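Chemist: This is the structure I have questions about; it appears just below.
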Amino acid sequence: MPDLNDATRGRILYGGDYNPEQWPEETWQEDVRLMRQAGVTSVTVGVFSWARLEPAPGAYDFGWLDRLLDLLHAHGIGVVLATPTASPPPWLGHRHPETLPQAENGTTVWYGSRNQFCASSPTYRRHAAAITEQLAARYGAHPALTMWHVNNEYGTHCWCDATAAHFRRWLQDRHGTLEELNSAWGTAFWSQHYAEWDEILPPRQAQYIRNPAQLLDFARFTSDALLECYTAEHAIVARHSPAVPVTTNHMPFWRGQDGWAWAKEQDVVALDIYPDPDAALGAQHGALVQDLARSMAGGPWMLMEQATGAVNWRPVNRPKPAGLNRLWSLQAVARGADAICFFQWRQSRQGAEKFHSAMLPHSGTGNRTFREVTTLGADLDRLGPHVSGTPVTAGTALLHDWDAWWASEQPGRPSELLDYQENVTAWHRALWEANHTTDLAHPAADLTRYRLVVIPSLYLLTDAALDNLAAYVRTGGTLVTGYFTGVADHQDRIRPGGVDARLREVLGLAAVHQWWPLNEGETLRCTGTEDFRGTLWAEELETAGAEVVARYADGELAGHPAVTRHTHGEGTAWYLSTRPEPDALRALLTRAAREAGLRPAAEHLPAGVEAVRRGELLFLLNHGPQQASCELPGHWEDLLTGKPATGSLTLERHGAAVLRPAAP
Ligand code: GAL
């Protein structure tokens, strides 16, 4: 199977989405000239071009794309060619309203924006396959083609009748019989028993809380239905160009697609990232989603989209301050990206995104944005041969599973303040601040290469995952588990005893008797060998062999264990029944990492300096508000400047160094 290396060929791809159909052809000449000037090596073309390519059903217009690809090729710019199926033309919705998605309450989602397709609609699929076939046949052997990009940010949901029929087929595959389905969904509750398949619907708008197992299966189904659309187009383009890698771009930490399942079907994992430049922890959000992309890819990945400056979809859209675009791009390289691209090359004059930043802004080339884009192009050109294809090695894995996410965020639960993604972010932050490079992993994945495995909270764990975790600890691993974990099975049935018995044995706990969610802003003092304040959640635990690291000192649970630690087989298992405040969580995870024999990527760095190792290189990234002075052990060369770096290294605000070991 082709992979990202087939497109990068030892470089870091640099460029962005290019939408030349928004411009007269004279502009294209200027575009390619400025792309060369900026060091652009790759553009993504055609993402939203369906109406231009097929202005009427079956009537194709490829002349402009022929000229464009030839022009790009003549200037040495590679093309990531998109299938345009994310934005069907108005004629499709007009002639075939059944291709338009329906919301939970039955209202139609119309054309006039983008993404208005129902993944289960046979008509949509037929038309999407037809335009894909045309493109693939025409351009599959074009010398400019380096990669296929299928659709764009698959994320639609639909509750229409075609979806209902498709959902039933999916349920038949999963559950076999109606009896099994009734059992899996617990339909004895509230008189929900299904006597015929045709009675089953996607979970449409209802009077009160809907069946959680039905909601869970629908989330799984929707991810699978979209994935079928992806794999159908992937198969078409791969048939015409078997040596060209195929990808689609994921939204960062996106709830709607099971990323583990999707990554298996993609030759290249591609990610779009838009951290808020104004957010204190924007850099950490970037690190988290980059770690996820690398983990999904199992190696180098592609940063498909980011913004050079402001986006246009936050309530207030602020530009990136000087240097931040370069810093966050280098962060992605540090964390495994072999392609750094933007949305988009030339800023649009019209349409919904005319205020979104681009590589080439409305004001042209005489501005900081374009100068920074050009500098970054040169940086990446220099770094390419040293990093492209090299791995990032992490000693820690943070376990993440979309099934658990979906199951844990349904209505009718103990606390609506539990936010899956926010909790993952908090735990990742603790490791990130301590410069422990962290992969994300599925709970049933092979964990043997990690010294430390952490679970922020996985409400749902399958039998396979539980056996995996038990074996991991028994054979010497260190596991740190957060609250509300191992509670439900694969169908969202509560495990006997409330928390799975295998997990309790590993943790040295007899029982979790009660969950005590905390109110907004409420904290509980915890004391012991670690003193801290717990937030969000607490539990009434009964230990069975575990050492108590900290007890609740306040409130109804005063005197009860809050944090425990247990030796199981050759390993150690911690349990955190509350979420310590950020500094304390970092202290706890740092202690567990140290006890597990892990060292951070670099030590004694000023706060705000991120350190990541990629291959033999050490990336230092200054996210702090001012200059930072770093003491370096040994001798290095900074690949960005070509200068030796020994002893003390000063990083400007938003400054970065990419250090290679050097002879003294
Ligand atoms: C992405 C999308 C792009 C563009 C961008 C703006 O979600 O793929 O087409 O809309 O957002 O930030």
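Chemist: Looking only at the range 139-185, count how many residues are buried (at least 17 other Cβ atoms within 10 Å of the Cβ), among the charged types (D, E, K, R) and over 26 Å from the mean Cα position of the chain (by Cα).
Modeler: 1
Chemist: Going by the conditions given, is A279 assigned to a loop (DSSP other than H, G, I, E, B) and over 23 Å from T156 (Cα atoms)?
Modeler: Yes, satisfied.
Chemist: May I pose another question? For P252, all conditions in the list (1) in contact (Cβ under 8 Å) with a residue 60 or more places away in the chain; (2) within 16 Å of the ligand (Cβ to nearest atom) hold save one; what is the number of the exception?
Modeler: Evaluating P252 over (1) in contact (Cβ under 8 Å) with a residue 60 or more places away in the chain; (2) within 16 Å of the ligand (Cβ to nearest atom) leaves (1) as the failure.
Chemist: So which residues in the range 503-523 are in a strand (DSSP E or B) and within 30 Å of D489 (Cβ to Cβ), if there are any at all?
Modeler: Correct list: L509, A510, A511, V512, H513, Q514, W515.
Chemist: Which residues, taken from the range 318-373, are open to solvent by less than 10 Å² (accessible area, probe 1.4 Å), within 15 Å of the ligand (Cβ to nearest atom) and more than 26 Å from the chain's Cα centre (by Cα)?
Modeler: If the condition is that a residue be open to solvent by less than 10 Å² (accessible area, probe 1.4 Å), within 15 Å of the ligand (Cβ to nearest atom) and more than 26 Å from the chain's Cα centre (by Cα), then S348 is the only one that fits.
Chemist: Another question, if that's okay. Could you identify the single residue in L376, L398 that is open to solvent by less than 50 Å² (accessible area, probe 1.4 Å), touching a residue at least 40 places away in the same chain (Cβ under 8 Å) and assigned to a strand (DSSP E or B)?
Modeler: Going through L376, L398 in turn, just one is open to solvent by less than 50 Å² (accessible area, probe 1.4 Å), touching a residue at least 40 places away in the same chain (Cβ under 8 Å) and assigned to a strand (DSSP E or B): L398.
Chemist: The conditions are (1) open to solvent by 50 Å² or more (accessible area, probe 1.4 Å); (2) farther than 27 Å from T438 by Cβ; (3) without any contact (Cβ under 8 Å) to a residue 40 or more places away in the chain, and R502 fails exactly one of them. Which is it?
Modeler: All conditions are met except number (2).
Chemist: In the range 266-280, which residue that is away from the ligand (no atom under 15 Å from the Cβ) and out of contact with any strand residue (DSSP E or B) (no Cβ under 6 Å at 6 or more places or on another chain) is nearest to P252 (Cα to Cα)?
Modeler: Applying the filter and picking the extreme gives A279.
Chemist: Please enumerate the residues belonging to the range 531-542 that are under 10 Å from A562 (Cβ atoms) and either of a type in the set (S, T, N, Q) or within 33 Å of the chain's Cα centre (by Cα) (or both).
Modeler: Within the range 531-542, F532, G534, A538, E539 meet the criteria.
Chemist: For the range 401-436, give me the residue count where each residue is part of a loop (DSSP other than H, G, I, E, B), closer than 23 Å to A465 by Cα and not charged (D, E, K, R).
Modeler: Of the residues in the range 401-436, 2 are part of a loop (DSSP other than H, G, I, E, B), closer than 23 Å to A465 by Cα and not charged (D, E, K, R).
Chemist: Of these, A471, A445, A510, which one is surrounded by fewer than 20 Cβ atoms within 10 Å (Cβ to Cβ), of a type in the set (A, V, I, L, M, F, W, C) and under 15 Å from H566 (Cβ atoms)?
Modeler: A510
Chemist: Another question about this same structure. Which strands (runs of 3 or more DSSP E) sit wholly inside the range 597-639 and have at least 3 residues that are of a type outside the set (V, I, T) and touching a Gly at 6+ places or on another chain (Cβ under 9 Å)?
Modeler: 617-622, 628-638
Chemist: Sticking with this structure for a sec: Pull up the range 227-257, narrow it to residues that are outside any helix (DSSP H, G or I) and open to solvent by 30 Å² or more (accessible area, probe 1.4 Å), then point me to the one that is farthest from A7 (Cα to Cα).
Modeler: Of everything passing the filter in the range 227-257, R255 is farthest from A7 (Cα to Cα).
Chemist: Among the listed residues D61, D66, D70, identify the single one that is outside any helix (DSSP H, G or I) and more than 18 Å from F343 (Cβ to Cβ).
Modeler: Just a single option satisfies the conditions, and that option is D61.
Chemist: Condition first: assigned to a loop (DSSP other than H, G, I, E, B) and open to solvent by 10 Å² or more (accessible area, probe 1.4 Å). Can you find one or more residues in the range 643-651 that meet it?
Modeler: no
Chemist: With the checklist (1) open to solvent by 40 Å² or more (accessible area, probe 1.4 Å); (2) within 16 Å of the ligand (Cβ to nearest atom) in hand, flag the one item Q116 doesn't pass.
Modeler: Only one criterion is unmet by Q116, namely (1).
Chemist: Which numbered condition trips up Y194, out of (1) open to solvent by 60 Å² or more (accessible area, probe 1.4 Å); (2) more than 30 Å from E305 (Cβ to Cβ)?
Modeler: (1)
Chemist: Just one of (1) of a type in the set (A, V, I, L, M); (2) within 24 Å of F218 (Cβ to Cβ); (3) open to solvent by less than 10 Å² (accessible area, probe 1.4 Å) trips up V109, so point out which.
Modeler: (3)
Chemist: Please go through the range 529-542 and give me each residue that is modelled with pLDDT of 95 or more, open to solvent by 50 Å² or more (accessible area, probe 1.4 Å) and closer than 24 Å to A426 by Cα, ordered by number.
Modeler: Answer for the range 529-542, where residues must be modelled with pLDDT of 95 or more, open to solvent by 50 Å² or more (accessible area, probe 1.4 Å) and closer than 24 Å to A426 by Cα: just R533.
Chemist: What are the pairs, 6+ residues apart or on separate chains, where a residue within the range 453-476 that is in contact (Cβ under 8 Å) with a residue 40 or more places away in the chain has its Cβ under 6 Å from a residue that is in a loop (DSSP other than H, G, I, E, B) and of a type in the set (V, I, T)?
Modeler: Hits for this filter: I455/T485; S457/T485; L458/T485; Y459/V487.
Chemist: Being within 13 Å of N249 (Cα to Cα), out of contact with any helix residue (DSSP H, G or I) (no Cβ under 6 Å at 6 or more places or on another chain), of a type outside the set (K, R) and surrounded by 21 or more Cβ atoms within 10 Å (Cβ to Cβ) narrows it down to one residue among A283, A293, A307; which is it?
Modeler: A293 is the lone residue from the list that is within 13 Å of N249 (Cα to Cα), out of contact with any helix residue (DSSP H, G or I) (no Cβ under 6 Å at 6 or more places or on another chain), of a type outside the set (K, R) and surrounded by 21 or more Cβ atoms within 10 Å (Cβ to Cβ).
The values are calculated or read from the model by the stated rules, or taken from the named source; none is laboratory data. Treat the numbers as computed from the prediction; the structure is a model and nothing was measured. Heads up, the Cβs are rebuilt from the backbone with ideal geometry, glycines too, and the neighbour counts pull from every protein chain shown. For the accessible areas, the whole protein counts, side chains as well, though only heavy atoms, and no ligand, DNA or RNA atoms are used. Shrake-Rupley method; radii C 1.70, N 1.55, O 1.52, S 1.80 Å.
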